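Worksheet for the structure shown next.
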Amino acid sequence: MPFTFYKYQGTGNDFILIDNRSLIFPKNNTKLVAQMCDRKFGIGADGLILLESHAELDFTMVYYNSDGNLSSMCGNGGRCLVHFAHFLGIIKGEAKFEAVDGIHQATIEGVTISLGMNDVRSIKTMDTYMFLNTGSPHHVQNVDEVLNFPVFEEGKRLRNEIYGPDGANINFVTQIDANSFQVRTYERGVEDETLSCGTGVTAVGIAMYEKGATSSNSVRLLTPGGHLLVQFEKGEHGYEQVRLIGPAQQVFKGTWQ
C-alpha cells in the first residue's frame, strides 16, 4: 500500500517522517523500516519517525533506528517531529508530546526548535570518559583535534567493548573556547558516525559543565552538520530544565510504493 513520507534533517541528522495518525504504517515490519532508511536501496536516513495521535497530548513520537529497530529518544528527531507537527497544523507555537522516554515540551519559532529534554540525575565519571543518559545512553570522551580523530574505528570499538550488545552512543569532544565544543558522534543502531546527535550534544554540554570545562549553562556544540545550543540548570538533584535548541528543515516529500 503506497503512503506519503517526508524527509527532514536537523543539523545533518536526517529522518523519514510519516503521519501515522490513521495507523497506516506496518509498525512491526522492521525490514521495511531498514529498507526505507537504506541509502542505496531506499530513501536514506539515520532513522524513521512516526507521528501518532495521543489521547491527552498533541501527539506521540515513535522512533526507529536505521537498522529497523525501535530505539531510545532521539533529540534531533524530536525537533524535526515538532516542525512536522507544525507543518501539519497539529500545533502552533508550542507542543507537548510523548516519546519513549516520557513527556517532552517544545517551542517553535521559524525553523528553530527548542526541545525540553529529560532531567539528568546521574553522571558516572571514569578516568578517560564520562557516562550519562539524556534519553539515550552516552559515552563522552575528550580528545585532541576531534576533526582528525578516527571516530568510526574508535567509536565502534568502544560501543562494543565497553557496552556490549545493547551498546551506547560514543561522543568525542574537543574544547574550542570557554563555552564551545566540537563534537563527533558514533551512534548505535546506525552503527556509524552521524553528522549530528541531539541527545549526544546534550550529554556533552552537561558533562563538560560537570567536569568544570565550562562555567556556562548555555553551551554551544559544533557538529559536522551544524551548530546546536544546550541549556540547563544545575539543581539539588542534578540537571534540570534541559533544552536542546537548533534548526529543523523539511527537505522533500515523496510516496513509498
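The values are calculated or read from the model by the stated rules, or taken from the named source; none is laboratory data. Model, not experiment: these values are computed from the prediction. Glycine also receives a Cβ, built like all others from the backbone with ideal geometry; neighbour counts cover every protein chain displayed.
Of all residues in segment 59-108, those satisfying the criterion of being surrounded by 18 or more Cβ atoms within 10 Å (Cβ to Cβ), over 20 Å from Lys7 (Cβ atoms) and touching a residue at least 60 places away in the same chain (Cβ under 8 Å) are Ser72, Met73.
Which is more than 23 Å from Thr199 (Cβ to Cβ), at pLDDT 95 or above and of a type in the set (Lys, Arg), of Lys96, Lys31?
Result of the check over Lys96, Lys31: Lys31.
Yes/no per residue for (1) more than 23 Å from Asp14 (Cα to Cα); (2) over 18 Å from the mean Cα position of the chain (by Cα):
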site: Leu221; (1), (2): no, no
site: Pro224; (1), (2): no, no
site: Leu229; (1), (2): no, no
site: Phe232; (1), (2): yes, no
site: Gly235; (1), (2): yes, yes
site: Arg243; (1), (2): no, no
site: Ala248; (1), (2): no, no
site: Thr255; (1), (2): no, yes
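Applying the set (1) touching a helix residue (DSSP H, G or I) at 6+ places or on another chain (Cβ under 8 Å); (2) surrounded by fewer than 20 Cβ atoms within 10 Å (Cβ to Cβ) to Lys253 leaves exactly one unmet item: (1).
Applying the set (1) closer than 18 Å to Gly254 by Cβ; (2) in contact with a strand residue (DSSP E or B) (Cβ under 6 Å, 6 or more places away or on another chain); (3) aromatic (Phe, Trp, Tyr); (4) not in a helix (DSSP H, G or I) to Tyr63 leaves exactly one unmet item: (1). Annotation note: Cβ proximity below 6 Å between a residue of segment 120-140 that is modelled with pLDDT of 95 or more and a residue that is in a strand (DSSP E or B) and loosely packed, with under 12 Cβ neighbours inside 10 Å (sequence gap 6+ or interchain) occurs for Phe131/Lys124. Given the condition touching a His at 6+ places or on another chain (Cβ under 8 Å), of a type outside the set (Ser, Thr, Tyr) and over 24 Å from Tyr163 (Cα atoms), answer yes or no: does some residue in segment 182-202 qualify? No, segment 182-202 contains no residue that is touching a His at 6+ places or on another chain (Cβ under 8 Å), of a type outside the set (Ser, Thr, Tyr) and over 24 Å from Tyr163 (Cα atoms). Report yes if some residue within segment 151-164 is of a type in the set (Ser, Thr, Tyr), outside any strand (DSSP E or B) and either over 20 Å from the mean Cα position of the chain (by Cα) or more than 20 Å from Val230 (Cβ to Cβ) (or both); otherwise report no. Within segment 151-164, one or more residues are of a type in the set (Ser, Thr, Tyr), outside any strand (DSSP E or B) and either over 20 Å from the mean Cα position of the chain (by Cα) or more than 20 Å from Val230 (Cβ to Cβ) (or both).
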